[in-house]
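Down below is the structure, laid out as structure tokens.
Each reported figure results from applying straightforward, stated rules to the coordinates on display, with no laboratory input. As the structure is a prediction and not an experimental result, all values here were calculated from the model. Don't worry about glycine lacking a Cβ; one is built from the backbone with ideal geometry, like all the others, and counts go over all protein chains shown.
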Amino acid sequence: MRARRVIQWITLILSLAVLFVFVRTKREPLAITIMLLLSLGSLFYGKLFCGYLCPFHAYDKMLGMLLERVGVKRLDSKRLDSMRAVFYIISFSILAILVMKAMMPYTKIKLQIPILMLAFVFLTLFAPRIWHRYVCPFGLIMRLPAIARPLMPKIISSSCKRCKSCEKVCPTNAIKIEKDKTYLSGTHCILCYRCEDACKYDSIEI
Ligand code: SF4
Ligand code: SF4
């Protein structure tokens, strides 16, 4: 468990550093293309990218720790569900522009990663994972159903006691435990495996 967390921190911090280098060297179109390709890879490995390689996730996690230390509480991003249609329209528009930028690097369209980053920095101050849950344009691609997802956690219904410990720790609200049904959504799961660590009944397996 500890090793997995350390690996996750290292890969996330590296991804933030790589993005910074791309932006500093003005190679945003290349960065966008790489992120679009990695997002398409989610057809095979689910949201591994979100959990381990997303620079925005790295920032969200670090800011969360910092705000927690100074006692600042952010909104529960679930409370913004009623506004999700607006967020999706914004997200889809950003995705369309990013695809155009990646395909035509010299287009005059001005939207670039630094602007996305600024928007993200602003939104994340108010609610954790707001970018991940609603606005991320790459996340829209990752909502496509996976063809092969070998690392997906599964809930074993027969031994599950419906205690909801996994539901409580899941950072992306990918788990729903109801009276006689358990549900784990692959389109939200970022493979952090906190649910597996939280389950005292060994009812989550990889
Ligand atoms: S807690 Fe489990 S279901 Fe939720 S994101 Fe992590 S691995 Fe996926
Ligand atoms: S923590 Fe384990 S036993 Fe409890 S609801 Fe989740 S899968 Fe079931």
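Cut-off is 10 Å between beta-carbons; in what order do V135, V72 appear when sorted fewest neighbours first?
Values: V135 21, V72 11.
In order of increasing Cβ crowding within 10 Å: V72, V135.
Is it possible to state the helix-based mean residue ellipticity at 222 nm for the chain, with each DSSP H run of 4+ residues giving -39500 (n - 2.57), the sum divided by total residues, to the nearest 500 deg cm²/dmol? What is it? Each step should come with its number before you reach the end.
Working: 10 runs with 110 residues, N = 206.
Counting only the DSSP helices, I get -16000 deg cm²/dmol.
Distances over 17 Å make up what percent of all Cα-Cα pairs in the range 154-205? Display every interim value, and only then the final one.
Numbers: 273 of 1326 pairs.
Above the 17 Å cut-off, the range 154-205 has 21 percent of its Cα pairs.
Kirkwood Rh, Cα Rg: Rg to Rh for the chain? All intermediate terms of the calculation are to be shown ahead of the outcome.
Details: Rg = 17.6 Å, Rh = 18.1 Å.
My calculation of the ratio gives 0.97.
Test of understanding: in a Gaussian network model of the chain with alpha carbons linked when under 10 Å, which of K73, K154, K181 would top the mean-square fluctuation ranking?
Judging by the Gaussian network model, the answer is K181.
List the aspartates and glutamates whose alpha-carbon lies under 16 Å from that of K161, not counting same-chain residues fewer than 8 positions away?
Partners within reach: E178, D180, E196, D197, D202, E205.
Taking the beta-carbon count within 10 Å as an exposure proxy, list D81, D60 from fewest neighbours to most. Could the numbers behind the result be given before it?
Working: D81 11, D60 23.
The fewest-first ordering by Cβ neighbours comes to D81, D60.
Taking the Cα centroid of the range 177-206 and of the range 1-17, what is the distance between the two, rounded to the nearest whole Å?
21
Quick one: E196, E28, E178, fewest Cβ neighbours within 10 Å first, how do they rank? Show your work: numbers first, answer last.
Values: E196 18, E28 21, E178 10.
Lowest count first: E178, E196, E28.
Positive end of the charge dipole of the chain (Lys, Arg +1 and Asp, Glu -1 on Cβ, about the Cα centre): tell me which of I190, F20, L118 has its Cα farthest that way.
Of the candidates, L118 comes out farthest on the positive side.
Over 30 Å between Cα atoms: which of K47/K179; K26/K154; K78/K181; K73/K181 fall into that group? Working shown, then result.
Details: K47/K179 27 Å; K26/K154 42 Å; K78/K181 21 Å; K73/K181 32 Å.
Exceeds cut-off: K26/K154; K73/K181.
Would you be so kind as to identify which of C54, H132, V86 lies farthest towards the positive end of the dipole of the chain, taking Lys and Arg as +1 and Asp and Glu as -1 on Cβ and the Cα centre as origin?
The one lying farthest along the dipole's positive direction is V86.
Relative contact order (percent) for the chain, with alpha-carbon contacts under 8 angstrom and 6 or more residues of separation? Can you show the working numbers first?
Numbers: 247 pairs, mean separation 53.3, N = 206.
Relative contact order, the chain: 26 percent.
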